[in-house]
Structures are given as structure tokens and as C-alpha cells.
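The values are calculated or read from the model by the stated rules, or taken from the named source; none is laboratory data. Bear in mind that the values here come from a model prediction, so they are computed numbers and not experimental data. Positions of Cβ are backbone-derived with ideal geometry, glycine not excepted, and every protein chain shown enters the neighbour counts.
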Amino acid sequence: MNLRLLQISDSALPISGYTHSWGLEAAIARRLVHDPESLEQWTRNWLLGSLGPLEGVVVASACRAAHAGSGTELFQINEMLDVSIVPPSIRNASREMGEQFRSLGATWEWCSTRLTQLLDESAEPSHGWHHPVMFGLIGALAGGAPLEVLTAYLHQAVLGMIGAGVRAIPVGHTHGQQILAYLQDDISELAPRILEIPPESAGAGCPFYEILCDEQTRLYARMYRS
């Protein structure tokens, strides 16, 4: 069992993920999500239509680049993702979490030296490192293979969305765990399908989700920043 990969997948990781719902609050405001069943369907649609095709592809690509020792490729993947995330709130959240993840990784003896070397070999992104790129990079330094790291990323992201629903709808924790269990087959089937997609082909296919993410910034009252 890869304990380091388990650690970076922990929802308690102090990189501010708990402050974001990734557009879920806007869906709740529209009554698109209001109970365990609609939360499950929302999360599945987000996983298959947005998270996997964009961030998932980037995580796997970044993991391969890290294993190859290519800081230049990591920079290129990061720049591609920066222009691919359309809603400004989600783009800023990804940068914020990525930079905090980078700072946290620099404190861990098992990855700090190689992390610094790889990032020093690349150009410094003008707006910071994105979370999926950092996850792929640090997952590789944790000894994870691309499929393993990708699966861990999808799982932790789905758990984060469900956790936001548990707090915001609200949905009971038992229901939240049931939803996670129902979605595990989706994660297991999705990860191998997107594993080898090149980063230049990454892209979300759900414009309505992006509209909701932008709409959330204008809600009268909200719990989450994005």
C-alpha cells in the first residue's frame, strides 16, 4: 500500500480544498441538487463530463512528465491547463490549491529535493502551479504509477464534491459514503480510458457546468468561494 499517495489524497490536506464546492452551490440554488440522489447524479456528470476529461488527463500527463524528469513538459502542461479552465473562480482555486500543495510538498523529506529540482528546471508559471499538475508531480515522487495517481486524484476530487454536498444541502454522512461507494465503479472504468490521452487533447465538455461555476460567484449568500 502506498501510504504517501494516501496522504496526498486525504481531504484533510491543508491546501484549502474544503473552501470550494466547484459550482455545487449554484446547482443547489437552482434546485438541480437537493437530495442524495441528485447529488450522486450531479457528481457523476461532473466526473465524466468535466473532471476526468480535463483535470484527470492533466494529472496523468503530469505524472508521466515527472517520471521522465521533464520540468519543461510540466510547465507546458500547466500553461495549457491555465487557458483551459474557463470559469475564473475555478481557475483561481486551482492555482491557489496548487501553490499551497507545492509549499506543503517542499516540507516533506521524501519529495522536497526532487520537487525543487524539477520545478527549477522549468520556467516559473506567471500565475502559479495548478493543483492537478502538482498532484501528478507529487504523486509520481510518491512512487505512484500514472494509473494509480490518476485514480487517487479522481477519488479525492469526487470525495470533495460529495463532502461539499453533505455540508451544503445538507446530506447525511452515511448517504455521502453510499454515494462514494456507488461512484467507485465509474472512477475505476474512467481512469484507464483517459490515462493515455495526450495533454493537448484535454478538455471539459460541459458548458452548463462552467455557467453554474460563474453564477455561484454572484449568489446572494454562499458557503464556498467557488
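Quick look at the values:
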| read-out | value |
| --- | --- |
| Residues (charged (D, E, K, R) and either within 26 Å of Asn2 (Cα to Cα) or out of contact with any Leu (no Cβ under 9 Å at 6 or more places or on another chain) (or both)) located in the stretch 92-129 | Arg95, Glu96, Glu99, Arg102, Glu109, Arg114, Asp120, Glu124 |
| 1 or more residues in contact (Cβ under 8 Å) with a residue 40 or more places away in the chain and farther than 20 Å from Thr72 by Cα: qualifying helices (runs of 4 or more DSSP H) within the stretch 130-226 | 146-168, 173-194, 207-216 |
| Residue list for the stretch 69-98, filter: among the acidic types (Asp, Glu) and either within 16 Å of Val58 (Cβ to Cβ) or at pLDDT below 95 (or both) | Glu73, Glu79, Asp82 |
| Test: residue in the stretch 16-25 that is within 27 Å of Arg193 (Cβ to Cβ) and among the acidic types (Asp, Glu) | no |
| Residues of the stretch 89-124 that turn out to be closer than 17 Å to Ile15 by Cβ and assigned to a loop (DSSP other than H, G, I, E, B), as a count | 4 |
| Hits in the stretch 29-52 (condition: at pLDDT 95 or above and among the aliphatic types (A, V, I, L, M)) | Leu32, Val33, Leu39, Leu47, Leu48, Leu51 |
| Top-ranked residue in the stretch 1-41 [being of a type in the set (S, T, N, Q), in a helix (DSSP H, G or I) and over 16 Å from Ile138 (Cβ atoms); ranked as farthest from the chain's Cα centre (by Cα)] | Ser38 |
| Search result, residues across the stretch 150-194 that are of a type in the set (A, V, I, L, M) and farther than 22 Å from Ala29 by Cα | Leu150, Ala152, Leu154, Leu180, Ala181, Leu183, Ile187, Leu190, Ala191, Ile194 |
| Conditions (1) more than 18 Å from Leu47 (Cβ to Cβ); (2) surrounded by fewer than 19 Cβ atoms within 10 Å (Cβ to Cβ); (3) modelled with pLDDT of 95 or more; number of the one not met by Gln184 | (1) |
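Each row is one residue, and each column tells you yes or no for (1) buried (at least 17 other Cβ atoms within 10 Å of the Cβ); (2) closer than 17 Å to Val166 by Cα.
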{"position": "Asn2", "(1), (2)": "no, no"}
{"position": "Gln7", "(1), (2)": "no, no"}
{"position": "Tyr18", "(1), (2)": "no, yes"}
{"position": "Gly23", "(1), (2)": "yes, yes"}
{"position": "Ala26", "(1), (2)": "yes, yes"}
{"position": "Leu32", "(1), (2)": "no, yes"}
{"position": "Pro36", "(1), (2)": "yes, yes"}
{"position": "Leu39", "(1), (2)": "yes, yes"}
{"position": "Thr43", "(1), (2)": "yes, yes"}
